[in-house]
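The values are calculated or read from the model by the stated rules, or taken from the named source; none is laboratory data. As the structure is a computational prediction, the values presented were derived from the model and not from experiment. All Cβ positions, glycine included, derive from the backbone under ideal geometry; neighbour counts span all protein chains shown.
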Amino acid sequence: MIIRTISEFRKNYHRLKKGDVFAGNLILRPGEEFKALDLINRGVVVFPSLLSQFLSRSKVFQAEVLGPFMLEHTFVAYRSKDIMRRLPEYVSLGEVVCKRDRKHLGLGLSKWKSMEDLQSLAAMEALPYPFIVQPFLKNAKDIRVLIIEDYAEAYEKINPFSFRKNLAQGGTAQKIIINEKLEKFCRDIMSRGDFPYAIMDILVDQNNKYYLSEICLTGGLTGSRIGQEEFVSRKKSMIDAFCKDTNISR
């Protein structure tokens with residue numbers, strides 16, 4: 001059985017068995033996440049992989065799984081004690097950034113003068129846990145990278161009026177040439193997260209060292225050459241090819 005829509009999935013959920021396939025965006029409602037474990041246990045194949053789909057939806061999960069690609073000292077705060085434990089190492093790091101989980105377009109991003117300031121707010125229960133904490137990287141470039149099959153491109157997001165570089169918040173895009181080092185860094189991230197294609201935000205420090213900010217299976221491509229329509233078309237072609245190959249292998 002090869003299922004392509006979420007309505008088909010819900011209708012046939014209990015009939016799925018080892019070797020059956022769900023191809024596409026597996027939209028699980030809050031509280032349904034357990035179904036992913038059930039699919040794995042039953043040997044149901046999901047494409048894009050369940051790992052990539054869960055990573056795409058959760059910044060917290062990204063920090064836990066893809067943390068080695070991110071800024072040093074990045075961590076997930078699940079409770080106030082997690083922040084208190086990290087206060088000593090952050091004393092010399094200055095400003096910090098807080099990222100709320102499952103928030104997009106820069107809406108969940110905030111900057112604080114110190115970890116102590118962030119802890120003061122968190123202690124008043126004004127911030128919902130969990131969230132990501134990391135040092136603020138000054139004068140960093142914010143690069144959006146798109147990779148799908150053998151196609152790769154990148155552009156820099158620029159906003160002189162805010163540390164948030166999002167194009168949706170007044171930023172502009174400047175096309176750049178994606179070099180071999182940057183592409184390899186991004187493909188290594190994709191390999192770890194089992195992404196067949198991805199849209200990534202990469203921070204670049206003054207020494208041209210790369211750090212992962214975020215990765216998703218979908219995202220804004222306003223500043224790209226390929227555009228959203230072509231990207232969606234290529235994704236569909238990949239999924240169609242995966243389903244065809246699955247049928248042939250049977």
* **Near pairs, Cβ below 8 angstrom, 6+ apart or cross-chain, from the range 16-28 (farther than 19 Å from Gly219 by Cα) to any residue that is modelled with pLDDT of 95 or more and of a type in the set (Gly, Ala, Ser)** => Lys17/Gly43; Lys18/Gly43; Gly19/Gly43
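Conditions (1) under 17 Å from Leu66 (Cβ atoms); (2) at pLDDT 90 or above; (3) crowded, with 18+ Cβ neighbours inside 10 Å, marked per residue:
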residue: Phe195; (1), (2), (3): yes, yes, yes
residue: Asp201; (1), (2), (3): yes, yes, yes
residue: Tyr211; (1), (2), (3): yes, yes, yes
residue: Ile215; (1), (2), (3): yes, yes, yes
residue: Gly220; (1), (2), (3): no, no, no
residue: Gly227; (1), (2), (3): no, yes, no
residue: Lys236; (1), (2), (3): no, yes, no
residue: Asp245; (1), (2), (3): no, no, no
residue: Ile248; (1), (2), (3): no, no, no
* Which of (1) in contact with a helix residue (DSSP H, G or I) (Cβ under 9 Å, 6 or more places away or on another chain); (2) in a strand (DSSP E or B); (3) charged (D, E, K, R) does Lys111 not meet, given it meets every other one? -> (1)
* Output for the range 152-190, where each listed residue is hydrophobic (A, V, I, L, M, F, W, C) and at pLDDT 90 or above -> Ala152, Ala154, Ile176, Ile177, Ile178, Leu182, Phe185, Cys186, Ile189, Met190
* Test Ser92 against the stated conditions and say whether it is in contact (Cβ under 8 Å) with a residue 24 or more places away in the chain, surrounded by fewer than 19 Cβ atoms within 10 Å (Cβ to Cβ) and of a type in the set (S, T, N, Q). => no
* To do: Could you please give the count of residues in the range 121-153 that are surrounded by 13 or more Cβ atoms within 10 Å (Cβ to Cβ), in contact (Cβ under 8 Å) with a residue 40 or more places away in the chain and small (Gly, Ala, Ser)?
  => 2
